[in-house]
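Please read the structure below before turning to the comments.
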Amino acid sequence: MGTLLFRLWLGIFLASGAVAMTGCVTGPTIDWESRVGEYTYDEAVKEFGPPDKKAVLSDGTIVAEWLVMKGHYHGHVTGFSGTTYFHRFPRIHNYHAVSTPDRYLRLTFGPDNKLQSHKRVSQ
């Protein structure tokens with residue numbers, strides 16, 4: 001009976017995690033190539049708000065980054081041993097913690113304030 005309850009609990013936990021992960025997807029995909037040479041820094045600020053990071057180079061080029069997805073930590077369990085008289089729940093043998101980096105959209109605007117390039121970076 002204890003093993004059945006544990007498996008039910010584990011299934012509910014994993015299912016709720018899967019539902020939570022689907023909420024991380026943001027808006028429609030933007031075709032950045034079609035915006036090169038046309039899209040301005042001012043339009044980017046209007047659309048996304050002020051950048052999280054910004055640098056203005058000596059020639060007037062602006063390199064700006066917007067946070068797209070915050071990094072996070074998660075883990076998973078491998079290797080269970082069976083229940084015994086002394087241990088009510090299965091013992092966990094291995095727990096692996098994994099971290100994911102923050103993800104940014106880096107847009108570079110030329111001295112004319114128009115988009116020159118775009119890139120997704122992880123830090």
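How about Lys46: which lysines have a C-alpha closer than 20 Å to its C-alpha, ignoring those fewer than 8 places off in the same chain? The reachable lysines, counting only those whose Cα sits under 20 Å from Lys46, are Lys54, Lys114, Lys119. Sorting 42-48, 59-65 by average packing, meaning the other beta carbons within 10 Å per residue, from highest down gives 59-65, 42-48. Cut-off under 12 Å on the C-alpha distance; same-chain residues fewer than 8 positions from Lys53 excluded. Which aspartates and glutamates are left, in chain and number order? Output for Lys53: Glu65. Full extension of the chain segment joining Glu33 with Glu47 gains 3.4 nm, where the gain is 0.36 nm per residue of separation less the Cα-Cα distance.
Spin-label pair Leu57-Ser99: with each label point 7 Å from Cα along the Cα-Cβ axis, the two points sit 3.0 nm from one another.
Only the coordinates and a few stated rules stand behind these numbers; no lab work does. Keep in mind that this is a model prediction, so the values were computed, not measured. With ideal geometry, Cβ positions are generated from the backbone for all residues, glycine too; neighbour counts draw on all protein chains shown.
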